[in-house]
Amino acid sequence: MKRETVDVGALARECAALMRIDAEKAGLKIAVKVGEPLPDVALDPRAVRQILINLLANAVKFTSDGEVSIDVRAEGEELLLVVADTGVGMGPEDLKKLGARFAKGADGVRGAKGTGLGLAVANALVELHGGRLALQSAPGEGVRAEARLPIVKPARPERRLRSVVESARADAAAPAILSQLERVEAYRRERSRSAA
């Protein structure tokens, strides 16, 4: 995992834009809501993008009409990413088995099939960040997927300012570092002097 400072709101909008064509083909809209202000947070952007895409893909697959939404906000010491839909929903038995690799629910409403890896991958990436993924659903009531990620502040680089005079003194006092080629040339000069 490679953490960096991420604008999570922009990332959510990007993921919605990536899924918009699939959603429009299905007659759906994707709504994005970003709770402002969001704190500076250090996350792996590729992982968070994959989490959102996987959750959005499932939401689009299992929703025949209505909308899919992404809600991003800070809640205490956590960043909350919610993907919700107005789709067919799931019963308690289906909810129990989801998240395990290759555990599939019913086929999508338009006959779309999957491998059963989407939620497992999303769950693993959430856990990699130290968070948790929870699903809430009931038959006919859609699905609400909540990814809660701990807010990790970006590391601030330590800055040390030196005056020009101090820098010059430090550079003069530092031992000369020779490249391999310079060492070979120095060795040859030394041998030619001792041979003469």
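Rundown of residues vs (1) surrounded by 15 or more Cβ atoms within 10 Å (Cβ to Cβ); (2) over 15 Å from the mean Cα position of the chain (by Cα); (3) among the charged types (D, E, K, R), yes/no style:
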| site | (1), (2), (3) |
| --- | --- |
| V121 | yes, no, no |
| L125 | yes, no, no |
| L128 | no, no, no |
| L133 | yes, no, no |
| G142 | yes, yes, no |
| A145 | yes, yes, no |
| R148 | yes, no, yes |
| I151 | yes, no, no |
| A155 | no, yes, no |
Inset, instruction - Determine whether V41 is aliphatic (A, V, I, L, M), in contact with a strand residue (DSSP E or B) (Cβ under 8 Å, 6 or more places away or on another chain) and either closer than 26 Å to E67 by Cβ or surrounded by fewer than 17 Cβ atoms within 10 Å (Cβ to Cβ) (or both). - result: no
Inset, instruction - Kindly check whether there is at least one residue in region 100-121 that is at pLDDT 90 or above, in the same structural domain as C15 (by TED's automatic domain parsing) and polar (S, T, N, Q). - result: no
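With the requirement that a residue be assigned to a loop (DSSP other than H, G, I, E, B) and touching a residue at least 24 places away in the same chain (Cβ under 8 Å), what does region 128-149 give you?
As a first pass, look at region 128-149 and keep what is assigned to a loop (DSSP other than H, G, I, E, B): 129-131, 138-142.
Within region 128-149, H129, G131, A138, P139, G140, E141, G142 qualify.
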Inset, instruction - Examine region 69-86 for a residue that is buried (at least 19 other Cβ atoms within 10 Å of the Cβ) and of a type in the set (D, E), and state whether such a residue exists. - result: yes
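If we only count strands (runs of 3 or more DSSP E) wholly inside region 1-91, which ones have 2 or more residues that are modelled with pLDDT of 90 or more and over 13 Å from the mean Cα position of the chain (by Cα)?
Details: elements: 4-6, 29-34, 41-43, 67-75, 78-85.
Qualifying strands (runs of 3 or more DSSP E): 29-34, 67-75, 78-85.
The values are calculated or read from the model by the stated rules, or taken from the named source; none is laboratory data. Since this is a predicted model, take the numbers as computed values, not measurements. Glycine also receives a Cβ, built like all others from the backbone with ideal geometry; neighbour counts cover every protein chain displayed.
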